[in-house]
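The values are calculated or read from the model by the stated rules, or taken from the named source; none is laboratory data. None of the values given here were measured: they were computed from a predicted structure. Here the Cβ positions follow ideal geometry from the backbone for every residue, glycine too, while neighbour counts run over all protein chains shown. Areas reflect the complete protein model, heavy atoms only, side chains present, ligands, DNA and RNA absent. Shrake-Rupley method; radii C 1.70, N 1.55, O 1.52, S 1.80 Å.
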Amino acid sequence: MIIGQILKSKSRGVMTARPEDSIQEIALRLSSRKIGAIVIVGDSGEVVGIISERDIIRLIAEHGAKALTMPARDGMTRNVISCTKTCTTDEIMKTMTRGRFRHLPVIEDDALVGIVSIGDVVKHYTAEVELEVTAMRGYLATG
Ligand code: AMP
């Protein structure tokens, strides 16, 4: 399965934030949308970073309550690894495992078109494996 297929089953639009938005603002958006990471974009919509709930925990551990007023730019990961719609679930599972992160922005023609989480991948991967098992069982039963 390719990432484009996974994106079709997700709600459209990617939640983004700006480098100057506060960590509290980011935490609010993560909480209200029930998501684990937010992509940070620059003036032209280009991806400049990513912040996940893990970064927010680290900032609070390091700076206490002050972390909430810090701008996103001070807590985001700048070297963002992304994928395209034609990447396969196998490829991105390897990328996530190697990079030890659970979110991957999807970029097409320099534009952010979506984000996939490890949860999305596992959900679709499991459905795919179940389908294969059902097909194999049918094949065996009919000889
Ligand atoms: P996560 O497992 O996605 O919550 O993220 C763990 C760490 O990896 C955090 O510091 C994130 O900012 C960072 N991170 C998450 N996704 C990516 C990505 N696609 N590229 C680079 N770093 C990422």
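Here are a few things to note about the model shown:
- Residue in the range 23-38 that is within 12 Å of the ligand (Cβ to nearest atom), modelled with pLDDT of 95 or more, part of a strand (DSSP E or B) and closer than 29 Å to Gln5 by Cα present: yes
- Scan of the range 49-75 for residues that are of a type in the set (A, V, I, L, M) and more than 7 Å from the ligand (Cβ to nearest atom), ordered by number: Ile56, Ile57, Leu59, Ile60, Ala61, Ala65, Ala67, Leu68, Met70, Ala72
- Any hit, the range 114-126, residues being over 14 Å from Ile6 (Cα atoms) and either among the hydrophobic types (A, V, I, L, M, F, W, C) or open to solvent by 40 Å² or more (accessible area, probe 1.4 Å) (or both): no
- Filter pass, Ile23 being over 15 Å from the mean Cα position of the chain (by Cα) and among the β-branched types (Val, Ile, Thr): yes
- Of all residues in the range 27-48, those satisfying the criterion of being under 15 Å from the mean Cα position of the chain (by Cα) and of a type in the set (A, V, I, L, M) are Leu30, Ile35, Ala37, Ile38, Val39, Ile40, Val41, Val47, Val48.
- Here is the figure for the range 49-75: residues that are surrounded by 13 or more Cβ atoms within 10 Å (Cβ to Cβ) and among the polar types (S, T, N, Q) total 1.
- Number of residues in the range 1-48 that are polar (S, T, N, Q), under 22 Å from Asp74 (Cα atoms) and open to solvent by 40 Å² or more (accessible area, probe 1.4 Å): the value is 4.
- Output for the range 76-103, where each listed residue is near the ligand (Cβ under 10 Å from one of its atoms), within 18 Å of Glu46 (Cα to Cα) and open to solvent by less than 90 Å² (accessible area, probe 1.4 Å): Met76, Thr77, Val80, Ile81, Ser82, Cys83, His103
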